[in-house]
Amino acid sequence: MHLAGNLSELLLGLWCATIDCGPSDDVDTWDWAILKDGEIWDAHGKEVERAGPYLPPSFDRKPRNIAEKLNTGYKTWEFHVHTFGLGPALLYNILPELYWANYCKLVRGFQLMCQHSITAEDLTDAHVLLCVWEREFEMIYYQLKEDRLQFVRPCVHQTSHLVPETIHKGPPICYAQWTMERTIRNLGQGIWQPSCPYANLSKEGVRRCQVNTLLSIIPELDEPPRGLPTGAVDLGDSYALLHKHDRYAMLPTGEPARAISDFLGHERDLPRIKRWAHLLLPNGQVARSVWRENLKELEQIRMSCNIKLKYRGQERYGEVLYFTQLAVEADLLDDADWRFADIAVIQLYSLPDNALLELSSHTVASCSRLDDICIVPVKKIISVIAMIPHKLKLPSGIIEERFFLLEKPGLQISNLGINHVDEDDNNNNGDIE
């Protein structure tokens, strides 16, 4: 079974008080069972569903209302996104702080272990977090009581083995059940005879290994990669501008115009530009722009305009207004030597609240949207992220509307210094290509 699904089932069983209760135990003494209250549980389910439109299409299936769909085919991926993505932010100030802080340690450790590439530093942090989580879990839930022995399921102990097994075998994503299920499905698709299915499956597996071996020795035998779609502009390093774009050049206005002027230098006249809607990233994600996404209702889209980027030596988050190309001097000593600068016009988010970041073991990065508009080279963009609106009371006591970060499970996740293709949009404008 999936470890993510098993841990999710265990935690929800505890918080909803649906897990078996021993004869000498009393559910009313379970101060962690906050979600057994129907109103709180229903409100939580609606918050999960409300987050759906803010998750980019590259995040795959968005989680449904867990209060309504928990017992009717809730998918393992939905559990993964809910428990190890949305949960820490949505359950902040709902779960008692003791249990919430313990839960955040599990989430952070699990997020680190789900990366496709894991550094030695990440392994160290993950091992500390997961071991501390397991020990604390037993002390605050199980409490060494015989009638609560069912709380300590095998999946609880399995988490402490993730790092040692990774050192021996590599990242868990290479041999996790996600990978196994996809491989079995791919092998099964190559079987056409109804007789001897297991023998055929074994033979198909051998052939697949033989083909993979040949391709690793002679890569030229593999099919060439597919080219970019019609109208795309290859920017190099696996970045590409994708349609749609303005048919005619236009003069930028407002704050973007000021930012472009600052970027080019005030001695130059403000140029006419063509806006581009999409940017293909090296990781396969497609970053979209506010320019095109604002044409649709929130319920009709999966937002992809929020990105993680490198800005002035820091890892920051921002909202892409649009992409464009600006003519700049390639050689300051040669007035005839010009090139295009491929840039994104971005509205930045603030740095995450540091107190909440530390309290949550780096799982709740809560930011506010700034008025600052900046110009960033497109190759400084790292990935597409989700920035989900929420209202919360910060550790400082301030209550305000903010946005919390969610990164796609499996990609490299942010480290902010705390130790331990795409849906098309309508073209209703003749000026757009």
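The values are calculated or read from the model by the stated rules, or taken from the named source; none is laboratory data. Predicted model only: the values in this text are computed from it and were never measured. Here Cβ is always computed from backbone atoms with ideal geometry, including for glycine, and neighbour counts include all displayed protein chains. We work out accessible area using only protein heavy atoms, side chains counted, and drop any ligands, DNA or RNA first. Shrake-Rupley method; radii C 1.70, N 1.55, O 1.52, S 1.80 Å.
Values for this structure:
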read-out	value
Residue ID - nearest to His80 (Cα to Cα), chosen from residues in the stretch 1-24 that are open to solvent by 60 Å² or more (accessible area, probe 1.4 Å) and more than 26 Å from the chain's Cα centre (by Cα)	Thr18
Some residue of the stretch 256-265 being closer than 30 Å to Gly52 by Cβ and modelled with pLDDT of 95 or more	yes
Wholly within the stretch 313-418, strands (runs of 3 or more DSSP E) carrying at least 2 residues that are over 22 Å from the mean Cα position of the chain (by Cα)	314-329, 338-349, 369-377, 399-406
Per-region count, the stretch 176-205, residues open to solvent by less than 70 Å² (accessible area, probe 1.4 Å) and either in a helix (DSSP H, G or I) or of a type in the set (A, V, I, L, M) (or both)	14
Cβ-Cβ under 6 Å pairs, at least 6 apart or on other chains, the stretch 184-205 side at pLDDT below 85 and of a type in the set (S, T, N, Q), far side exposed (fewer than 12 other Cβ atoms within 10 Å of the Cβ) and not in a helix (DSSP H, G or I)	none
Subset tally (residues that are assigned to a helix (DSSP H, G or I), β-branched (Val, Ile, Thr) and either more than 13 Å from the chain's Cα centre (by Cα) or surrounded by fewer than 17 Cβ atoms within 10 Å (Cβ to Cβ) (or both)) for the stretch 44-82	3
Residue list for the stretch 9-43, restricted to those being part of a loop (DSSP other than H, G, I, E, B) and of a type in the set (A, V, I, L, M, F, W, C)	Cys16, Ala17, Ile19, Cys21, Trp30, Trp32, Ala33
From Ile173, Ile140, residue being at pLDDT 95 or above and not in a loop (DSSP other than H, G, I, E, B)	Ile140
Among (1) open to solvent by 20 Å² or more (accessible area, probe 1.4 Å); (2) assigned to a helix (DSSP H, G or I); (3) at pLDDT 95 or above - the single one Tyr92 does not satisfy	(2)
Matching residues in the stretch 352-369 - criterion: being open to solvent by less than 50 Å² (accessible area, probe 1.4 Å) and farther than 10 Å from Cys104 by Cβ	Pro352, Asp353, Leu356, Leu357, Ala365, Ser366, Cys367, Ser368
Yes/no for Ile140 being more than 24 Å from Ser24 (Cβ to Cβ), out of contact with any His (no Cβ under 8 Å at 6 or more places or on another chain) and open to solvent by 10 Å² or more (accessible area, probe 1.4 Å)	no
Within the stretch 281-301, considering residues that are among the aliphatic types (A, V, I, L, M) and in a helix (DSSP H, G or I), the one surrounded by the most Cβ atoms within 10 Å (Cβ to Cβ)	Val290
